[in-house]
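The values are calculated or read from the model by the stated rules, or taken from the named source; none is laboratory data. Predicted, not measured: the structure shown is a model, and the values here were computed from it. Virtual Cβ from ideal backbone geometry, glycine too; neighbours counted across all protein chains shown.
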Amino acid sequence: MKGYQLKITIKGSSPPIWRRVIVPEKISFEDLDNVIEYIFGWTHDHLFSFVIPKERIYFNGPSEAGDEEAVQEGIDRWFYEKAKIIYTYDFGDDWEHTILVEKILDYDKRYPQVVKFKGPNMIEDCGGIWGFYDVIDQAEPFEMEKVNEYLKAHMKFSKFEGSTYPEDYGLPYSEKEMYEELRKYLKTMAGAGGEENFEDFGELEPEESLEEVFKNYKKDDLLEIARDANLPKPARFKKAELAQWLKNSLLESGQFRKVLTESTQEEVGFFQEAIEEKGIYIQAELVSVSPLLSFYCGLRDGEFLTVPKDVEEKFRKIYTGSFQRELERHWELFGYCKSAVYLYGVISLEDLAKIYRGYEHKKITAKELADIAARYPGEMTVKDGYLMEEELEEVDLYVRLLEDQEKLPYYLPMDKEDFLRYGEVECQEPDEHTLPMLEFFSEEMDQDMPHSLILYYAVLDSLQKNGEPEECASLAMEYCKETRKGRKIKLTKIIKNLQPYVRTWENRGFTDYEVEAMRTEKQDASRVLADSKKETDKDCKVVAFPGTKKIYPNDPCPCGSGKKYKYCCGRKKK
């Protein structure tokens, strides 16, 4: 039996409020909600939801309409090491929790246990995270021993085996188990022609060599791989010779390292998972756009990814600790680049370097960021010292966008994790302002949740780039093959209502609502200062004097000694 070690953190809490908890496998999202609510002190008085950002999947808790998606879905399919899930409690106060799957471990209990924590219990109906800090003195302390006693006594979960998604997505609830069940079933059907079908599925074990994979390809496909990998033009080989030459060329250490360096963290994660699990189910579209997965792996029946044994052996040799750290540095910088491009559309490399230094407190140069961006063509581009989304390079659209942005600061979340999440999911996640549109697609346009999310993100993407609500509504109606004018009018109104809460390029990542609030605050501050100055000038004579200038350690000491400040008066202050 196994369990999941989770770190669950309240978004926006500073210092962070979190719980590290181990939960057993084979529980539902509703079970997980019960755990989260108890260990944070919530009282089940409000609705909740789970969002799987990378999959853009959304699970509701039980609602007034009787929907129970979280009851019907198990956690196992979505929980893998380093997976992130967003849990929201109370759509009014909008308590967002980030769930990080830290590791998967052996765990033979059917109840959860908290192993570490920071921060008190939460308080209901206090206005969200900012209101919480006004009343934090009233928060009850978290008592781990008592909590664990309660969890052991009252939260022993039976095994949950159901799932609503495998049939819709073509992905098994448990990949290896489902595959084995299929093999057993086909064996029992051997007398009725099942044996032939069984042979078509092949063995679960990966291929011995990459050359074996290539033998199933057409010669033109092998030549295309050679071109895409920028390999020297091959000689006039026969197909078998070409397969051997291509295998040797791709497994050359420098070439393999180059492909790994240009791969995303997600792609390398799939690759490693396929090695450890002896194959994984995956969408063919993800494989086709990844040189690592399409050049170095086999894909059976268009969905089962395997890593040949000679590829695995070579990977283990070159994936050293130092190379892994190098890749992690690349991925970290790439994450900053992606988040900046998503939020701002365009940003100077110097400004992005400042943002990175502000979050990480580590050195970085604009050139390093430019080099990273160059490794991922198609994701972004660099021109004239600016990092931007590729479409902005056309006819210098980025110049006009920079003019529109000129007087605004960059939107920067308090926590770097929140900043980087925008690059990870490349979307603005549902909140109380945008949920009505998602519900409209689901309930009134009769779209299932995956298609509702597709529409939701398409509309937000258009609004982010200055799209008009009427145009967004028309595109959504066309997608749904909906022609009723009343529906379009209602959808347009919903989109207009949420538009002020969408993060846009023109606002450098801020929403219209936030920009207006900043302007109002600035005007109020200016008015107060002006009125104050008038009153001061009228009532008294004040001689203005300059503020104290900050003195740095290597500056000349202001006492006139001629020594550096750190060796003179600066030393006396210590």
_Members of region 364-423 found to be polar (S, T, N, Q) and touching an Asp or Glu at 6+ places or on another chain (Cβ under 6 Å), listed by number_ = Thr381
*For residues that are among the aliphatic types (A, V, I, L, M) and closer than 16 Å to Asp512 by Cα, scanning just region 460-480, find the one that is surrounded by the fewest Cβ atoms within 10 Å (Cβ to Cβ).*
Leu463
*Within region 450-508, which residues are in contact with a His (Cβ under 9 Å, 6 or more places away or on another chain) and of a type in the set (Ser, Thr, Tyr)?*
Tyr479, Tyr501
*Can we say Ile85 is in a strand (DSSP E or B) and either in contact (Cβ under 8 Å) with a residue 24 or more places away in the chain or over 24 Å from the mean Cα position of the chain (by Cα) (or both)?*
yes
*Could you identify the single residue in Glu328, Glu332, Glu350 that is assigned by TED's automatic domain parsing to the domain that holds Lys416, charged (D, E, K, R) and within 17 Å of Asp371 (Cβ to Cβ)?*
Glu350
*Taking Ser452 as the residue in question, decide whether it is more than 30 Å from Ile355 (Cα to Cα), of a type outside the set (Phe, Trp, Tyr) and either assigned to a loop (DSSP other than H, G, I, E, B) or in contact with a helix residue (DSSP H, G or I) (Cβ under 9 Å, 6 or more places away or on another chain) (or both).*
yes
_Failed item in (1) under 23 Å from the mean Cα position of the chain (by Cα); (2) modelled with pLDDT under 90; (3) part of a helix (DSSP H, G or I), with Ser442 passing the rest_ = (1)
*How many of the residues making up region 279-289 are surrounded by 15 or more Cβ atoms within 10 Å (Cβ to Cβ) and assigned to a loop (DSSP other than H, G, I, E, B)?*
2
*Read through the list (1) closer than 21 Å to Leu246 by Cβ; (2) of a type outside the set (A, V, I, L, M, F, W, C); (3) surrounded by fewer than 19 Cβ atoms within 10 Å (Cβ to Cβ), then give the number of the only condition that Tyr319 fails.*
(1)
*Listed residues Glu389, Glu326, Glu403, Glu360; which is of a type in the set (Asp, Glu) and crowded, with 16+ Cβ neighbours inside 10 Å?*
Glu389
_Cβ pairs under 9 Å, 6+ apart, first in region 342-361 and without any contact (Cβ under 8 Å) to a residue 40 or more places away in the chain, second assigned to a strand (DSSP E or B) and buried (at least 19 other Cβ atoms within 10 Å of the Cβ)_ = Ser348/Tyr386; Ser348/Leu387; Leu349/Tyr386; Leu349/Leu387; Leu352/Leu387
*asked:* Just to check your reading of the model, which residue among Glu241, Glu208, Glu212 is more than 30 Å from Ile52 (Cα to Cα), modelled with pLDDT of 90 or more and in a loop (DSSP other than H, G, I, E, B)?
replied: Glu208
*Please tell me if Gly41 is at pLDDT 95 or above and either surrounded by fewer than 18 Cβ atoms within 10 Å (Cβ to Cβ) or under 23 Å from Glu439 (Cα atoms) (or both).*
yes
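Here is a yes/no grid of residues against (1) assigned to a loop (DSSP other than H, G, I, E, B); (2) within 29 Å of Leu352 (Cα to Cα); (3) charged (D, E, K, R); (4) touching a Pro at 6+ places or on another chain (Cβ under 9 Å):
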position	(1), (2), (3), (4)
Val395	no, yes, no, no
Leu401	no, yes, no, no
Leu408	yes, yes, no, no
Phe419	no, yes, no, yes
Leu438	no, no, no, yes
